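Before any comments, here is the structure.
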Amino acid sequence: MIFNYARFANRLAAPAVFGSTLALYSLQDVHAKEATVDMNKVRDAIMKVVEDDAEKRDDGTSMAGTLIRLAWHCSGTYKADDNSGGSNGARMRFSPEAKYGNNAGLDRIRATLEPIKEKFPGMSYSDLYTYAGVVAVEEAGGPKIPYKTGRIDMVDGSKSDPNDRLPNADYGGRDKNVESIRKIFSRMGFNDNEFVALMGAHAMGRCHTQDSGFSGPWTFAETTFSNEYFRLLLEERWSPKIEHEGKPWKGPDQFEDSTGKLMMLPVDMMLIMEPAFKKWVDVYAKDEDKFFTDFASAFAKLLALGVPAAAIPSIGKPWYQIW
């Protein structure tokens, strides 16, 4: 779920503070428009795009995993220390986020969603991008994700970090991967348990060489949300990829199963090398219900980082006790 996959904070961010009545009026106006949006119709529109695309592909793959990646990358820039980044604003439409290496290829999926935005102008881009990920998970057999609209769009990327804050697939070995991943997820307010749960989104989709340099799906059921990713991590024999379609593999380091058809990234393999991560892999490989529960909570948290109070979902507890 953290790098170019494609298919079907310790503290909570404070609401944005507006310095003028004009800005406040604009926010209220956005919420009024969003109240008129029929989310069931938005869901149907998203699924029609997914299904029409799958029919054109006619190869058993789907764009749904890319929708999860879109939602993830729209949100994964959050920094709890200063409440910057996150999905609010949909700044990935603009430079510098649009040019982040980890966002390669997401311009195509945003363009695919553009007709839906035109059909539902009252819905912000930031709500559309995150909700598309929610729909992709749920419609693929995954858990119900707590979700609320209320994000507002920004007009440029001036508030974005010029440096790519999104997690990479490899930082140069096990120890560096563990250190770097923990640093990034701690920056957003996630613990080890939540991080591993979020990685389970790799059950869906695949990597594309034109975007990330990596190639292949994580599972044989890449259009289904399940705990298969964790089971395969433990049960398959993974080895460095050295060949691709009969030729030497010249891409970045990745791993493949005994059939050569499935892949794992270095940060995927890190999950079974680091004991603190592996204990959760063991749990989720055996208990899909537990995985679904933890993923739903962590994914809802991710999508709500840095958003206005109106967009923070209730998960059965007061907002200050949710995470």
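The values are calculated or read from the model by the stated rules, or taken from the named source; none is laboratory data. Only a predicted model underlies this, so the values are computations on that prediction, with no experimental measurement involved. FYI the Cβ positions are ideal-geometry reconstructions off the backbone, even for glycines, and counts take in every protein chain you see. All accessible areas refer to the heavy atoms of the entire protein, side chains included, with ligands and DNA or RNA removed. Shrake-Rupley method; radii C 1.70, N 1.55, O 1.52, S 1.80 Å.
If you scan the range 99-124, which residues turn out to be outside any loop (DSSP other than H, G, I, E, B) and either open to solvent by less than 40 Å² (accessible area, probe 1.4 Å) or polar (S, T, N, Q) (or both)? Break it down stepwise before answering.
So the first thing to find is which residues in the range 99-124 are outside any loop (DSSP other than H, G, I, E, B), and the list is 99, 101-103, 106-119.
Residues satisfying the conditions are Asn102, Asn103, Leu106, Ile109, Arg110, Thr112, Leu113, Ile116, Lys117.
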> Out of all the residues in the range 256-274, which are under 23 Å from Asp192 (Cα atoms) and either open to solvent by 40 Å² or more (accessible area, probe 1.4 Å) or touching a Pro at 6+ places or on another chain (Cβ under 6 Å) (or both)?
Replying inline: Ile272, Met273
> Considering Arg182, Arg231, which residue is in a helix (DSSP H, G or I), closer than 26 Å to Asp59 by Cα, open to solvent by 40 Å² or more (accessible area, probe 1.4 Å) and out of contact with any Pro (no Cβ under 6 Å at 6 or more places or on another chain)?
Replying inline: Arg231
>> Being among the acidic types (Asp, Glu) and more than 28 Å from Phe292 (Cα to Cα) narrows it down to one residue among Asp127, Asp170, Asp175; which is it?
In response: Asp175
> If you scan the range 64-98, which residues turn out to be farther than 24 Å from Glu139 by Cβ and assigned to a helix (DSSP H, G or I)?
Replying inline: Arg91, Arg93, Glu97, Ala98
>> Return the residues of the range 57-77 that are at pLDDT 95 or above and surrounded by fewer than 17 Cβ atoms within 10 Å (Cβ to Cβ); say none if nothing qualifies.
In response: none
>> Let me spell it out: the conditions are (1) in contact with a helix residue (DSSP H, G or I) (Cβ under 7 Å, 6 or more places away or on another chain); (2) under 26 Å from Phe292 (Cα atoms), and Gly157 meets all of them except one. Which number is the exception?
In response: (2)
>> Suppose we filter Phe190, Phe214, Phe225 for residues that are closer than 24 Å to Thr66 by Cα, in contact with a Pro (Cβ under 7 Å, 6 or more places away or on another chain), at pLDDT 95 or above and assigned to a loop (DSSP other than H, G, I, E, B); which single one remains?
In response: Phe214
